[in-house]
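Colleague: Shown below is the structure under consideration.
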Amino acid sequence: MSISPASEAWHSALHRLQRDGTPHVLATQVTSAGSTPREPGARMVITDDAIFDTLGGGTFEWQTIAAARERLAAQRYGLSLEAFSLGGRSGQCCGGFVNILLEAFPGVEAHLAIFGAGHVGQEIVKLSAALPWQLHWYDSRSDAFDENYRQQARLACHSLSNTSQCVAALPVSAHALVMTHNHEEDYMLIKALIERDDLASIGLIGSASKWASFEGRLKRDGYPTDQIARVRSPIGLIHATKLNNKTPYAIALTVVTELLWLTDTPSYRENRGLDSKALRALFTNAPTTTS
């Protein structure tokens, strides 16, 4: 059997896949004995539809690829060791023995759209860097994004030039946070977001009075109660009473904590269609009341 690996080197592919949040496996030859195609330290990267670099070819490489893709398909992430007797298990004439370490990395577990690159938005982006989320960051100001942010893994910075088009481009089941520098821009975003019934959650930063104003406008604009109720405002309060600490970092901490529950709690997955009032009851064990 022959293999035609992609021309991209394993280290370049690894960096790109980590940055983009694509599930992949790094295969590393850690030991060898006898005659083997490659030396310890040889590496290749495997996704469900591509391979990058090579461990030397032959049947044992196909078996490595198959083992890696089996782990990706089963979502068995982490470390595992595969042993290959090239003359036995792999039927290769060189007859050596190799151990291959497979490191399976998960892809993106959730998509988060952040509208607004102000102080709170920046802190949310920093806190989310280590989490398995793909961030879609929008701002209408031309100088909103520092160049350092553009290097962050799983982060894409976009110009908020057309509200409707930006919202329409969001992935299904994305979580949206609205926190721009302009209240009218916030309102237009909320209108566009609640018109999509396939988003996982919608959050709006601000005070209770801001939300009361928005809620009244939405009703006057003809939006039904069930659509309006999908908006969570203020954000970051599912697990805590209102904080006296109003620093951007503190607010961002409560928002990211809330999002961790929204993206990772099994009970939330089972109740994904709940409105914002029911969500608060779900996470605080408080009874849901109706008005």
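The values are calculated or read from the model by the stated rules, or taken from the named source; none is laboratory data. None of these values were measured; they are calculated from a predicted model. When we count neighbours, we look across all protein chains shown, and the Cβ atoms used for this are built from the backbone with ideal geometry, even at glycine. Just the protein is used for accessible areas: all its heavy atoms, side chains included, with ligands, DNA and RNA removed. Shrake-Rupley method; radii C 1.70, N 1.55, O 1.52, S 1.80 Å.
Colleague: List the aspartates and glutamates whose Cα sits under 14 Å from the Cα of residue 219, skipping any in the same chain fewer than 8 residues away.
Modeller: Straight-line reach from residue 219, under 14 Å: 195.
Colleague: Sticking with this structure for a sec: State in Å² the accessible area per residue of segment 116-257; use a 1.4 Å probe, count heavy atoms of protein chains only, and round to the nearest integer. It would help to have the intermediate numbers written out before the result.
Modeller: On the way: 6760 Å² over 142 residues.
Per-residue accessible area for segment 116-257 comes out at 48 Å².
Colleague: Here's another thing I want to ask about it. Show me the three semi-axes of the equivalent ellipsoid for segment 21-75, from the C-alpha gyration tensor (sqrt of 5 times each eigenvalue), largest first, rounded to whole Å. If you can, show how the numbers build up before the last one.
Modeller: On the way: eigenvalues 88, 23, 18 Å².
Whole-Å semi-axes of the equivalent ellipsoid: 21, 11, 10.
Colleague: If you take all C-alpha pairs in segment 114-210, what percent of them are over 22 Å apart? Don't jump to the answer; show the numbers that get you there.
Modeller: Working: 1084 of 4656 pairs.
More than 22 Å apart: 23 percent of the Cα pairs in segment 114-210.
Colleague: Identify the GluC sites (Glu not before Pro) of segment 166-202 meeting these criteria: DSSP loop state and at most 13 other C-beta atoms within 10 Å of the C-beta. If you can, show how the numbers build up before the last one.
Modeller: Details: sites: 184, 185, 195; in loops: 195.
Within segment 166-202, the qualifying GluC sites (Glu not before Pro) (loop, at most 13 other Cβ atoms within 10 Å) are 195.
Colleague: Still on this structure, please answer the following. P(r) of segment 10-115 in 5 Å steps, Cα pairs, percent per bin?
Modeller: 2, 13, 24, 22, 16, 10, 6, 3, 1, 1, 1, 0
Colleague: Among rounded, prolate and oblate, which fits segment 191-241 when a ≥ b ≥ c are the square roots of the eigenvalues of its C-alpha gyration tensor, a/c under 1.5 means rounded, and a/b larger than b/c means prolate? Working shown, then result.
Modeller: Values: a/c = 2.42, a/b = 1.27, b/c = 1.90.
Oblate shape, in that a/c is at least 1.5 and b/c is the bigger or equal ratio.
Colleague: Could I ask something else about it? My understanding is that a pair violates if its Cα-Cα distance is over 22 Å; which of 126/210; 126/191; 210/246 do that in this structure? The partial results should precede the final answer.
Modeller: On the way: 126/210 26 Å; 126/191 28 Å; 210/246 16 Å.
Distance filter (> 22 Å) returns 126/210; 126/191.
Colleague: Determine the share of segment 25-114's accessible area contributed by carbon and sulfur atoms, expressed in whole percent, with a 1.4 angstrom probe.
Modeller: The value for segment 25-114 is 52 percent carbon and sulfur by accessible area.
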